[in-house]
1. From E:39, E:17, grab the single residue that is surrounded by fewer than 20 Cβ atoms within 10 Å (Cβ to Cβ), touching a strand residue (DSSP E or B) at 6+ places or on another chain (Cβ under 8 Å) and either assigned to a loop (DSSP other than H, G, I, E, B) or among the aromatic types (Phe, Trp, Tyr) (or both).
2. Among the residues of region D:152-191, how many are touching a helix residue (DSSP H, G or I) at 6+ places or on another chain (Cβ under 6 Å), small (Gly, Ala, Ser) and under 20 Å from residue D:35 (Cβ atoms)?
3. What pairs come out if I take residues in region E:14-39 that are over 21 Å from residue E:134 (Cα atoms) and pair them with residues that are hydrophobic (A, V, I, L, M, F, W, C) and in a loop (DSSP other than H, G, I, E, B) whose C-beta lies under 9 Å away, six or more apart or interchain?
4. Looking only at residues in region E:213-234 that are among the hydroxyl-bearing types (Ser, Thr, Tyr) and surrounded by fewer than 23 Cβ atoms within 10 Å (Cβ to Cβ), which one is nearest to residue A:169 (Cα to Cα)?
5. Only one of E:6, E:45 is of a type in the set (D, E, K, R), within 11 Å of chain C (Cβ to nearest Cβ) and in contact (Cβ under 8 Å) with a residue 60 or more places away in the chain; which?
6. When you go through D:210, D:237, D:220 one by one, which is the residue that is more than 7 Å from every other protein chain (Cβ to nearest Cβ), within 20 Å of residue B:209 (Cβ to Cβ), touching a Ser or Thr at 6+ places or on another chain (Cβ under 8 Å) and charged (D, E, K, R)?
Amino acid sequence: MGGRDTDMVLLDENGIRCDGRKVDEPRRIMIKAGVLKNANGSAYIEFGDNKILAGVYGPRDVHPKHMSNADTGILRCRYHMVPFSVAERKNPAPSRREIEISKVIREALEPAVMLEKFPRTAVDVYMEILQADGGTRCAALDAAAVALADAGIPMRDMVSACAAGKVADTIILDVNNEEDQAGQADMPIAYMPNLNQITLLQLDGVMSLEEYNKCIEVGIQGCKTVYALQKKALAEKYFPEEQT
Amino acid sequence: MGGRDTDMVLLDENGIRCDGRKVDEPRRIMIKAGVLKNANGSAYIEFGDNKILAGVYGPRDVHPKHMSNADTGILRCRYHMVPFSVAERKNPAPSRREIEISKVIREALEPAVMLEKFPRTAVDVYMEILQADGGTRCAALDAAAVALADAGIPMRDMVSACAAGKVADTIILDVNNEEDQAGQADMPIAYMPNLNQITLLQLDGVMSLEEYNKCIEVGIQGCKTVYALQKKALAEKYFPEEQT
Amino acid sequence: MGGRDTDMVLLDENGIRCDGRKVDEPRRIMIKAGVLKNANGSAYIEFGDNKILAGVYGPRDVHPKHMSNADTGILRCRYHMVPFSVAERKNPAPSRREIEISKVIREALEPAVMLEKFPRTAVDVYMEILQADGGTRCAALDAAAVALADAGIPMRDMVSACAAGKVADTIILDVNNEEDQAGQADMPIAYMPNLNQITLLQLDGVMSLEEYNKCIEVGIQGCKTVYALQKKALAEKYFPEEQT
Amino acid sequence: MDDLKRNRIIELLQEEKRIDGRALKEYRSISIDVNVIPKANGSARVRLGDSEVICGIKIQPDRPFSDVGEKGIFICTAELLPLSHPTVETGPPNESVIELARVVDRGIRESHMIDLSQLVIKKDESVVGVFADNVVLDYDGNLFDACSYAATSAILTAKMPRWEYGEAGPELQDGLEPLPTTTIPVSTTMAKIGGQIVADPNSDEWDCMDARITITTNSDGDICALQKGGRSGFTADELATCGEIAINSSGKIRETLQAAVSK
Amino acid sequence: MDDLKRNRIIELLQEEKRIDGRALKEYRSISIDVNVIPKANGSARVRLGDSEVICGIKIQPDRPFSDVGEKGIFICTAELLPLSHPTVETGPPNESVIELARVVDRGIRESHMIDLSQLVIKKDESVVGVFADNVVLDYDGNLFDACSYAATSAILTAKMPRWEYGEAGPELQDGLEPLPTTTIPVSTTMAKIGGQIVADPNSDEWDCMDARITITTNSDGDICALQKGGRSGFTADELATCGEIAINSSGKIRETLQAAVSK
Amino acid sequence: MDDLKRNRIIELLQEEKRIDGRALKEYRSISIDVNVIPKANGSARVRLGDSEVICGIKIQPDRPFSDVGEKGIFICTAELLPLSHPTVETGPPNESVIELARVVDRGIRESHMIDLSQLVIKKDESVVGVFADNVVLDYDGNLFDACSYAATSAILTAKMPRWEYGEAGPELQDGLEPLPTTTIPVSTTMAKIGGQIVADPNSDEWDCMDARITITTNSDGDICALQKGGRSGFTADELATCGEIAINSSGKIRETLQAAVSK
């Protein structure tokens, strides 16, 4: 966390944040499943000003063969920012940051995906950040999990992600870009809502043990909110008549 | 095309170009077949101040094997500028421009080469630009086609290439470096003279539909001139006694 | 050799060098065998201010398989400088200098290693320059040869390396960093002491034919000094009770 | 592509019919949404049939190229995102993607669409760089045209910041203005399949074509760039036909672009 | 790892025993030698059990990052030398090594250990860059903590040259001073194996763990960075336990670091 | 190489005969054409037997290396073009090509052939860079010597532009002058095959040699650089022999170079 000097009031006397939200209020979230024609599964998410597309291919053959596993399928994830997604044009080559995020997202999804049903194959998850606004890894994960379901990949549970954080010594839900830059801490969380497992957890910024536990609690609530929207997106695609 | 302001007179009142040529006159062209010892076939061309060497290996085995095709041979082409071939020393790594030109040259040669006779193999064509002076891709193609013939690769037809273009609102043959920089349009053409097929065509610069058709016609005439020189080069190697 | 103007007195009127050594005196050398836990064999050397670690793995399988040789084992060597080993932080990517040195070191070790006993396998030698002070390639070679022996790889002979050189028109043993920068010539030598073969020889700097022969002679004496220390290091590990 | 489908496509073309029911010279529907990436300086999403592309524009100060200090910089790229088709691989672009990017770039560049002479902050020191990056989201053939329309639409609706050259180099000023443009280039791609020339080949047609040509025209109805591709050739007559199709098709497509960016 | 060993590890853990005899929350011995690379600006060798790491510090003038001209630069890297384990490959770092380097870097960076605001030679022009490069010599699990301790010890004992900004840029002055530091971050790594949480997993435990978490605390006993890894998840209760272990273990480890650097 | 040929070469050498009829210490014919690339600042084509190399020189202003602001830059490279031999692969240079380039570079550099102190445009700011790029067109062994002769001949006949340091950096002046040179380095390569030492090994000999040595001498008849290669060793006596051959051969080769560049 930058913890930079700034004139920005991150939390006013009424407990209202710089973008008008309450401390436990996530940004506007819109998820749509099945948006691509070629991909086996796909989803588009707008999470605040984040705009992210996820596409899934698989289970499919692995090339080269020695990368495959005779006992189970493998999950491969790519988190990628398109050149115009950030303030300064991004170089197309994958950055170390993108490689690390791809890994933690994969590890967040693996417990949910029944890869053991598809030995020797791969499931590929591609996440494209079209516009970034803080919290891209959580939003990308949310879209990826919906895209996996849309692809018909058997899953033990959904994976739902949302960040908690700390600004003005207060634990908040869903850190936006300004809060990430000027706030005290950012803690992205991914959660399997039925299995009650936290599958991604990172933290940048300083907090006490008590705040740490509080942050996890608040983050889980945010994940549950996201979970409802993920289910709704899938239902809207598969049971459109039931949605009104 | 740059279309830059310049004091250079590209075409004078007598229809004479900046290097003294008439509008339909190509630069001096010299082709020699069989100039290398190790290559299966080779040719050296001087086309104006362009100096280009082409060498051919194959048909030969493909590594890695999965790049080969059980139904036909494959043609691989590399157009490459040596570091000292251009005004500012060229970085040795292949540029995007070189990769694109290698592809269009390959597609210009493929219709002429009887690759179906050599399934699972590759024919490799290497073109080295030793000195560049505008029109390198056409000159490289001319040398490559002679080198293929010199290698004894069965061909349906020769491939002959020459650019047409536009300077001072006039369609001209064989654009040189100055005309390419300061002129209005450059249109490289490759042509199979017996099958009457245009196998490479590109254009940079503005022209009307009428000029476009004229340009193709002029370019084909240039290709026919080149074709005679290609045949002569092969004859000089294989039937030297008949040449005087 | 730089041959730079310098105020440094490389050799004083008493034949004493800039670091207090006599012309035929090597720097302080300390070798320890078997310093790593995972490696099959290892050695650590301090040669003047050089600090170098060598580790050996093998004989082991080769991936990809087509790199292996059905008739013999292969030796692979990597000479590598860690980022903090030199005055200006080194970029982690292997430099052309490192690649060349890796090759000459491999060729210096190959005559000594009985690779023919392990067809289809590889022996990997990794040399890590932790702190550099002139003469790293010789010191790395010395450690590598001890690590090979420590790994139990059958060897025809030890390989011992030391540089000779020329400062103030005098042939000296074991060129240090200052002498390398300001002196007249540096000649790294590797030597198989029992087979009496010179397996690495390089020279930067100007000398007469006579000096060249003298330099080789002086270098061989240095290699013999190193050889005694290499044997001692192995004995200290394997027969510690005999050392006092 | 299986031989059955290929043969079906070619048979239909003998009767001047296409596998998706279009006439030979007919384009698929073109749908254009602009400003889809509000944080970029300009953007557009184009759907050409089932091919879908987003182009985003980034405008930022840059050093001029060494020999053209009196001109701004325009760079157009294209990338097939791996979610756009099962065969797309991650990693450095292959030769087809490089060709795609360079042909789209040249079509716009050679039309002189952007007046680069107006993009100079300080001659030889600092100029405006305009990056038009195309990302392909879904592939159904003819990306040359889809990317070109996306880039052109994004350029036409881009808002350029202003810089003045101060002590510490280019300094951002208040206000935004449109990019200075002179013409609207329109890319048109024709394929030769079984002796027939068809416009706007879809992915099935792309897979079985003999040769293709992409011709870009400007608002004056002149040709400003072209690129032949594919493993076969064209006769001069066929090329004349392609030129005519290009000029005839481009008018209506240019109107579609103009309508989309005026919304 | 063979199933036999894996099962043995898990069975032992059911009885709260570990394969190397440690208690669940017990760290292996930590041995630290500082100034092992005298020519570097700072250095330390750490042995954590049989894992062995050297960190070397290089301090040199650098251009500031464009948006933070009032701060120096700190970059921490980590590299597994190929002699450290038979499976390590040469070549560009894989995702695990990239994660290792980034987690070690973030733990130190987010603790604000080095006061980067004191590392400015001339605002926006020239700052001091501090590079802490970890090289792993021998691998026996838990490199996150081993590299963190090596980097922290090297930073604490580093001697920084001084530069003044003159006509030709930064000019080296006489004298050396310590790096300005504010806190001592301590990294602690816990693994979840067969439902048990263990501290400081060795390589056998690393190979059969379900999930792991690395928590860095500062001298105030607050958490300043963390990273979960592995193919499985944690419950909130398990995470609370990990947080407690981290805070409880870090005090003693911090004392070990302080003792080592004061020698 | 098949064993039959290898055995034949070795058998012949026992009788002090070579497979191509040469005497043991005899070089193949050396043919040199200068100025073959007129647009380069200097160039030469060398044929050594059937090995053929072109070296082109580019001379352009450059930033000096940080620690040697009072010297110009000389860089010599070598590249095996894929048309030179069926086994050459495109892509980054392998270790053999890197060694070739570095040995040719060092031979010329260590002879101080080019007086780099005369190539300073403005101390610490701008110097003249001389790039000597060798491209191998046809391979028949002993590229060390062929590339060295090509680079040396190209340097000796190069025409250097002149620059003055003005407001906007180095400014090109009228006129050309020769590069300032002090000596003519001559590279000589010997191979040890079956116990015999031969000069200028051709490709067959290259394939079956035990070891090789490249010794560069300057116009004074002193040795200024050397490199041993190959999987076997030399005795000190053999090295003495190689040194003698080098000094004895280089005189005549130096005359050949001088004659070629004076044409």
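The values are calculated or read from the model by the stated rules, or taken from the named source; none is laboratory data. Keep in mind it's a predicted model, so treat the numbers as computed, not measured. Positions of Cβ are backbone-derived with ideal geometry, glycine not excepted, and every protein chain shown enters the neighbour counts.
1. Numbers: E:17 fails: touching a strand residue (DSSP E or B) at 6+ places or on another chain (Cβ under 8 Å).
After ruling out the rest, the residue left standing is E:39.
2. 1
3. Going by the 9 Å Cβ cut-off, the qualifying pairs are E:16/E:23; E:16/E:24; E:17/E:23; E:17/E:24; E:18/E:24.
4. Applying the filter and picking the extreme gives E:219.
5. Working: E:6 fails: within 11 Å of chain C (Cβ to nearest Cβ).
Selected residue: E:45, the only one of E:6, E:45 that is of a type in the set (D, E, K, R), within 11 Å of chain C (Cβ to nearest Cβ) and in contact (Cβ under 8 Å) with a residue 60 or more places away in the chain.
6. Details: D:210 fails: within 20 Å of residue B:209 (Cβ to Cβ); D:237 fails: touching a Ser or Thr at 6+ places or on another chain (Cβ under 8 Å).
Just a single option satisfies the conditions, and that option is D:220.
Residues checked against (1) within 10 Å of the chain's Cα centre (by Cα); (2) closer than 28 Å to residue C:129 by Cα; (3) not polar (S, T, N, Q):
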residue: E:106; (1), (2), (3): yes, yes, yes
residue: E:110; (1), (2), (3): no, no, yes
residue: E:120; (1), (2), (3): no, no, yes
residue: E:124; (1), (2), (3): no, no, yes
residue: E:149; (1), (2), (3): yes, yes, yes
residue: E:154; (1), (2), (3): no, yes, yes
residue: E:158; (1), (2), (3): no, yes, yes
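Every residue, every condition in (1) closer than 26 Å to residue C:194 by Cα; (2) buried (at least 20 other Cβ atoms within 10 Å of the Cβ); (3) at pLDDT 95 or above, yes or no:
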| residue | (1), (2), (3) |
| --- | --- |
| F:154 | no, yes, yes |
| F:176 | no, no, yes |
| F:182 | no, no, yes |
| F:185 | no, yes, yes |
| F:190 | yes, yes, yes |
| F:201 | no, yes, yes |
| F:211 | yes, yes, yes |
| F:236 | yes, no, yes |
| F:242 | yes, yes, yes |
